[in-house]
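Input: a single structure, listed below in structure tokens.
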Amino acid sequence: MTMLNVGRPTRPEAVEMDTHTSLNGGRGLLQDEGLLFEVGRPDRTGVDLEPAELDASDLGDLVRTAPIGLAGLSEPEAVRHYVRLSQKNHAIDLALYPLGSCTMKHNPRLNEKMARLAGFADLHPLQPQSTVQGALALMDRLAHWLKTLTGMPAVALSPKAGAHGELCGLLAIRAAHESRGDAARRRVLTPTSAHGTNPATAAFVGYQVTEIGQTEDGRVDLADLAAKLGPDVAAIMVTNPNTCGLFERDIVEIARLTHEAGAYFYCDGANFNAIVGRVRPGDLGVDAMHINLHKTFSTPHGGGGPGAGPVVLSEALARFAPAPWIVHGPEGLRLEEEARGEAADAFGRMSAFHGQMGMFVRAYAYMLSHGADGLRQVAEDAVLNANYVKARLQGAMTPAFPVGPCMHEALFDDTWLEGTGITTLDFAKAMIDEGFHPMTMYFPLVVHGAMLIEPTETESRAELDRFCEALLALAQAAKAGDVDRFKGAPFLAPLRRLDETLAARKPRLAWHPEPTAVAPAPQVIE
Amino acid sequence: MRYLPLTPADRSEMLAVIGAASIDELFADVPQAARHVDLFDLPLHAGEIEVERELARLAARNRPGGAGPFFCGAGAYRHHVPATVDHLIQRSEFLTSYTPYQPEIAQGTLQVLFEFQTQVAVLTGLQVANASMYDGSTACAEAVMMAQRVTRRKGAVLSGGLHPHYAATTRTIAHAEGMDINCLPAAIDAEAAVIAAIGPDTACVVVQTPNVFGVATDVTAIGEAAHAAGALLVVVTTEAVSFGLLKSPGEMGADIAVAEGQSIGVGLNFGGPYVGLFAAREALVRQMPGRLCGETVDADGRRGFVLTLSTREQHIRREKATSNICTNSGLCALAFSIHMSLLGEAGLRGLAEINHSLARELKAALETVPGVEVLSPRFFNELAVRTPVPAEVLVESLLADGIVAGVPFARLDPTAGLDDVLLIAVTETVTSEDIAELAGALKRRIAA
Amino acid sequence: MRFTKDHEWVVLDGDVATIGITAYAAEQLGDVVFVEVPEVGRKLTPGDGLAVVESVKAASDVYSPLAGEVTEANTALTGQPDVVNASPEGEGWFAKLKIADVAAFEALMDRAAYEDYLGTL
């Protein structure tokens, strides 16, 4: 028998080390990555271009002569740079991402593939309309789905995100009031629990914002609403299901009171995910509502966009929808891009071109995949998952509204942390060490130390259990006085807590070639 | 359903944990009349194969830019995007992450934004840039409102060379805020009329270069006149590749520069999503809209990045915010930044030179077409030409030759009386053969 | 030194009132990162915005407790906002106002009254 008796050890040796640090300051495969401007060079490039025979004589002194200051990378360097950076991000593809109000659900890759078909991705917005009939048909079908799912007669597709949709809705409302010669309406009512975009949008459109109170059980205070409605109110902006994760039980009455006062009902549709396929906002008396395609209809959040925020409109507001409109004509579909003809009352234009086509394709692929039955199941599972999380955690944490079911989000306050010396922020940061993204914190503003958990329908029961067990273990540690685990957290993330005060006091918003005021990472072994 | 992991058994066990008898109990707060028992009148779920078939069918009814000679510009440009860009932006950690509000686990996105801001700042020749806007047109509207906050004046003068969609967007949004927007008439040399329109209540003048007619202009004198009157200069650029060849807005005295970044990394996408670039002089930073990423240190003293100066934003300032913007165009900003890193200084300059050279070739070719007059005296990669028949008719007729000849100006502004103006753009994706084919087809169609 | 329920303090020297925020307010705000002070010459009536003081997570308006004209603003705070935390009732003052109505000043709370008020919060 011949034996190869020189081999590598195949069992780990027992070595005791409390804390191990590498020699170069990195964490194993997770290495620090310098800034593009530190690793790149002005003369390096990752593209091969044949040099042009440049004659810029007719441009004269318009030609840029000084160096721009860009850094370049070859292709392999670029791939490394960005892949290394990517590894410092958390993502929905890695774990449950419980950001309430943000709807971090699975992003199907089929949607990505469809959006990249040359027949959609390689279309110019202004090429002849006869050459884009399929694209217009897709927009028209998406509009049909959105109108059917919301029970509303019209939709403006062009807004580019939720807040842009809010702006679109309020501009339509303003146009409707103005068309009747009613210029006296200067106020918009919105609950204290509203998303920040609601009052910001109202102010952007020139309205004054008045807050409406909230009842003990987390809903709009009808009496307060009735008292504040009047001939100077243009609209109310109410989120439903609301930002406490609750359905506004009195929504029909809210709409009735609003209309009685001559105002319109703008519904923030950020939480449409909870009711899609089951409840139509049109049946509730809503006049305008934006739909975040990047929430309910699964288009990726992309680290902060792009989103898409089509706005459905009631009969009263439909004719004021902004250009462009899709019009059915004798020669097929047509875009009316000006306020004329069918679109004569359009209040204007929200942006150049026709909206977020790339997002339309993704959302439409998602809708076709689910169908009417699947979308209803989406809402049911989203609500079921949130109630399950609430049920599992309520023994250890304090639900802000314990009575009755929640919708797609479970909201907790920080009563249960009293006396521990640990804040909502500390608790959330400790979740990072357990492998989860923190939930939405300190929002809505009406709940002290709010923790808003939205699991979404794309989480399995096993992942929900893993998440709940992590939070229960943390809650136990908090109550047992293991304060350091929270105060210093996160310990196991790419970085520890960051100094936001320094960033705001001495803003450094771009890289500069001179030595940085902030010392680079120390490369020493402790 | 392939995207929904719960099984019927899971659902009933979970309901038991919750203590609810049925799913309907969880929807108890919905008014009875609004609870739909039946499914809505829409198709039922479909597998990947069926969805692909349906969408491929729709896609096939469109004529992609790459199907033949293609000359559309007017605010969206068909540039080549390296394969690496699309691969990298589809990394899970970039594609499926949220806005980086938890900086400890979002340094990837944050560092990219810091690098993006730096790239935009140097390209525009200004000191600070934000982490992106929705697109160039909305960035333009935001710039005008920012000028109102800075100067506390109500008026704005928009050059007739500004893209008509940008002007319409700005008018719609800024008018709602009570601003008085003076849109000057569209003209090839519209910049000449701008200075005379500046008044004591002018918050800013907005000029585009190269303008919507492709005309590149030195706007330094306009900036000086604006500053002398206490107004700001906003410079708009819709073709970001031009930054590689032309003087930057900052060099010409811009206080705010906005641009459409689609040309770099993003692709046409039938008009969206795109990425708005927004930069300003340092002194104006606290009036800027949108997210800003800044450098700082972590608890161990290591360099890191955070979103900063957030008190300007809607989630803190609410009705006093500088803008209502929340979601921006993060992934498109990433695509822009990756493509710009692949180009680098040398690559961007080279790319810009190729574009300009092709435009000169285009001009020479068009000058051989009887009846066609090139109107743009100084240009980057786009020309306005006068056509002997309405431009729209000409474009439609050239479709039969397999050529998309450009954008009729009347498509952007049907009221300007410029029905005979055609905008023709070239990029590195256009070949000399394409240009020759265009000139040949124009000759035949005009003669016919 | 006089105080308001909005946690501002006022010191009167002749007809010039110096205004800032109290130590309590500075502590509640946390690290101050930016202060916007008024332009000299601005005329204010009680309740007008006098300054904006920002922490990382909040922006608070400081309202003028008195009527008057701004004679001096503490522009040093723009570069060194941390002074508000270090010395809120001293070097961290925001603005000086020339006032006409001394009685309005006298009507504000004295320190004992302000401290009683803090006790009720």
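If you put +1 on each Lys and Arg Cβ and -1 on each Asp and Glu Cβ, how big is the dipole of the range A:111-366 around its Cα centre, in Debye rounded to 20? List each step's numbers first, then the result.
Details: 22 positive and 26 negative charges, 109 e Å.
It comes to approximately 520 debye.
Using only C-alpha positions, report the orientation-averaged shadow area of the convex hull of the range B:238-394, nm², one decimal. Write out the running numbers ahead of the final one.
Details: hull surface 54.1 nm².
Here the figure is 13.5 nm², rounded to one decimal.
In debye, nearest 20: dipole of the protein assembly as shown around its Cα centre with unit charges on the Cβ of K, R (+) and D, E (-)? Can you show the working numbers first?
Values: 88 positive and 135 negative charges, 243 e Å.
Here the protein assembly as shown has a charge dipole of around 1160 debye.
For A:ALA184 and A:ASP221, what is the calculated FRET efficiency with R₀ set at 30 Å and r taken between the beta-carbons, to the nearest 0.05?
Working: r = 25 Å, r/R0 = 0.83.
Rounded to the nearest 0.05, the efficiency is 0.75.
Placing +1 on the Cβ of each Lys and Arg and -1 on the Cβ of each Asp and Glu in chain B, which of B:VAL219, B:ALA359, B:SER329 has its Cα farthest towards the positive end of the resulting dipole?
Of B:VAL219, B:ALA359, B:SER329, it is B:VAL219.
As a test of the formula, what do you get for chain A when each DSSP H run with n ≥ 4 contributes -39,500 (n - 2.57) and the sum is divided by the residue count, at 222 nm and rounded to the nearest 500 deg cm²/dmol?
Details: 15 runs with 168 residues, N = 526.
For chain A, the value works out to -9500 deg cm²/dmol.
Positive end of the dipole of the range B:51-100, charges at C-beta (+1 Lys, Arg; -1 Asp, Glu), about the Cα centre: which of B:ALA76, B:LEU88, B:PRO64 has its Cα farthest in that direction?
My answer, from the dipole projection, is B:PRO64.
Among bridges DSSP assigns within the range B:83-339, what percent are antiparallel (round to 5)? Please list the in-between numbers first.
On the way: 14 of 31 bridges.
Antiparallel bridges: around 45 percent, rounded to the nearest 5.
May I have the convex hull volume per residue, in Å³, for the Cα set of the range A:372-494? Can you show the working numbers first?
Numbers: hull volume 13.6 nm³, N = 123.
So the per-residue hull volume is 111 Å³.
What is the order of A:TYR388, A:TYR266, A:TYR442, fewest Cβ neighbours within 10 Å to most?
Working: A:TYR388 27, A:TYR266 31, A:TYR442 17.
In increasing order of surrounding Cβ atoms, one gets A:TYR442, A:TYR388, A:TYR266.
Among the lysines, which fall within straight-line cross-link reach of C:LYS43, defined as a Cα-Cα distance under 18 Å, with same-chain neighbours fewer than 8 residues apart omitted?
Straight-line reach from C:LYS43, under 18 Å: C:LYS96, C:LYS98.
Please go through the range B:346-448 and write out the GluC sites (Glu not before Pro) that DSSP classes as loop and that have at most 13 other C-beta atoms within 10 Å. Write out the running numbers ahead of the final one.
Working: sites: B:GLU353, B:GLU361, B:GLU367, B:GLU373, B:GLU382, B:GLU392, B:GLU396, B:GLU428, B:GLU433, B:GLU437; in loops: B:GLU367, B:GLU428.
Here the GluC sites (Glu not before Pro) that fit, given the DSSP loop and packing criteria, are B:GLU367.
Would you list, by chain and number, the lysines whose Cα falls below 25 Å from the Cα of B:LYS443, excluding same-chain residues fewer than 8 positions away?
Hits, sequence-local ones excluded: B:LYS363.
Among B:THR169, A:THR423, which comes first, second and so on when ranked by fewest other beta-carbon atoms within 10 Å? Could you put the intermediate results ahead of the total?
Values: B:THR169 27, A:THR423 16.
By the 10 Å Cβ count, ascending, the order reads A:THR423, B:THR169.
Looking at the P(r) of the range A:111-366, how many percent of alpha-carbon pairs lie beyond 32 Å? Write out the running numbers ahead of the final one.
Values: 6517 of 32640 pairs.
Percent of Cα pairs beyond 32 Å in the range A:111-366: 20.
Let me see the pair-distance distribution of the range C:43-121: every alpha carbon pair, 10 Å bin width, integer percents in order.
16, 40, 39, 6
Just to check I understand the Karplus step: with θ = phi - 60° and J = 6.51 cos²θ - 1.76 cosθ + 1.60, what whole-Hz values come out for the range B:126-133, glycine and proline as x?
Each residue's phi maps through the Karplus curve to give 10, 8, 10, 10, 8, 7, 3, 10 Hz.
Rounded to the nearest 5, what is the percent of antiparallel bridges among the DSSP beta bridges in chain A? Don't jump to the answer; show the numbers that get you there.
Details: 22 of 38 bridges.
Around 60 percent antiparallel, to the nearest 5.
Using DSSP to define loop residues, name the GluC sites (Glu not before Pro) in the range A:143-236 whose beta-carbon has at most 12 other beta-carbon atoms within 10 Å.
Qualifying residues, ordered by number: A:GLU216.
Label points 7 Å out from Cα along the Cβ direction at A:ASP61 and B:GLN90: separation in nm?
Computed distance between label sites A:ASP61 and B:GLN90 equals 4.9 nm.
I need the calculated FRET efficiency for the pair A:ASP482 and C:THR75, taking r as the beta carbon distance and R₀ as 56 Å, to the nearest 0.05.
Numbers: r = 47 Å, r/R0 = 0.84.
For R0 = 56 Å, the calculated efficiency reads 0.75.
Once the Cβ-Cβ distance between A:HIS512 and A:ASP43 is put in as r, and R0 is 22 Å, what FRET efficiency do you end up with, to the nearest 0.05?
Values: r = 20 Å, r/R0 = 0.91.
E(calc), rounded to 0.05, equals 0.65.
Just want the ordering: A:PHE467, A:PHE491, from fewest to most Cβ atoms lying within 10 Å of their own Cβ. Show your work: numbers first, answer last.
Numbers: A:PHE467 24, A:PHE491 14.
Ranked by crowding around the Cβ, least crowded first: A:PHE491, A:PHE467.
Please give every one of the lysines within straight-line cross-link reach of A:LYS88, meaning a C-alpha to C-alpha distance under 18 Å, and leave out same-chain neighbours fewer than 8 residues apart.
Here the lysines satisfying the reach criterion relative to A:LYS88 are A:LYS429.
Using only C-alpha atoms and all pairs of different ones, pull out the Kirkwood radius for chain A in Å with one decimal.
Working: mean 1/r = 0.0379 Å⁻¹.
After inverting the mean inverse Cα-Cα distance, the result is 26.4 Å.
Report the equivalent ellipsoid semi-axes for the protein assembly as shown in whole Å, largest first, defined as the square roots of five times the eigenvalues of the gyration tensor built from alpha carbon atoms.
Values: eigenvalues 384, 264, 222 Å².
So the equivalent ellipsoid measures 44, 36, 33 Å along its semi-axes.
Evaluate the relative contact order of chain A (contact order divided by residue number), counting alpha-carbon pairs under 8 angstrom at least 6 apart; express in whole percent. Intermediate results must be reported in sequence, preceding the final value.
Numbers: 896 pairs, mean separation 95.0, N = 526.
18 percent.
I'd like the Karplus ³J(HN,Hα) series for the range A:420-426: coefficients 6.51, -1.76, 1.60, θ = phi - 60°, whole numbers in Hz, and an x wherever there's a Gly or Pro.
Here the 3J(HN,Hα) series is 8, x, 10, 9, 3, 4, 4 Hz.
Enter the Cα centre distance for the pair the range A:34-53 and the range A:266-331, rounded to the nearest angstrom.
When both Cα centres are located, 43 Å separates them.
Evaluate Rg over Rh across the range B:83-339, taking Cα atoms for both radii and Kirkwood's formula for Rh. Could you put the intermediate results ahead of the total?
Values: Rg = 17.8 Å, Rh = 18.3 Å.
Looking at the range B:83-339, the ratio lands at 0.97.
My understanding is that a pair violates if its Cα-Cα distance is over 30 Å; which of A:LYS105/C:LYS57; A:LYS160/A:LYS506; A:LYS228/A:LYS390; A:LYS105/B:LYS320; A:LYS295/A:LYS390 do that in this structure? It would help to have the intermediate numbers written out before the result.
On the way: A:LYS105/C:LYS57 28 Å; A:LYS160/A:LYS506 33 Å; A:LYS228/A:LYS390 34 Å; A:LYS105/B:LYS320 32 Å; A:LYS295/A:LYS390 21 Å.
Checking Cα-Cα distances, A:LYS160/A:LYS506; A:LYS228/A:LYS390; A:LYS105/B:LYS320 exceed 30 Å.
Between A:ALA473 and A:SER22, what is the label-point separation in nm under the 7 Å Cα-to-beta-carbon projection?
Between A:SER22 and A:ALA473, the label points sit 2.5 nm apart.
Relative to the longest principal Cα axis of chain B, at what angle does helix B:107-124 sit, 0 to 90 degrees, rounded to 10?
20 degrees
How big is D, in µm² s⁻¹, for chain B by Stokes-Einstein at 25 °C and 0.890 mPa s if Rh is the Kirkwood radius over C-alpha pairs? Intermediate results must be reported in sequence, preceding the final value.
Working: Rh = 24.1 Å.
Rounded, D is 102 µm²/s.
Quick check on the range A:250-375: what does the Kirkwood estimate of hydrodynamic radius come out to from the alpha carbon pairs, in Å? Don't jump to the answer; show the numbers that get you there.
Numbers: mean 1/r = 0.0612 Å⁻¹.
Final number for the Kirkwood radius of the range A:250-375 is 16.3 Å.
When the dipole is taken about the Cα centre of chain A, and only Lys, Arg (+1) and Asp, Glu (-1) are charged at their Cβ, what size is it in debye, to the nearest 20?
Numbers: 47 positive and 64 negative charges, 70 e Å.
Approximately 340 debye in magnitude.
Where a number appears in this text, it was derived from the coordinates with a stated rule and is not lab data. Being a predicted model, the structure only gives us computed values, none of them experimental. Reconstructed Cβ throughout: ideal geometry from the backbone, glycine too, with neighbour counts over all protein chains shown.
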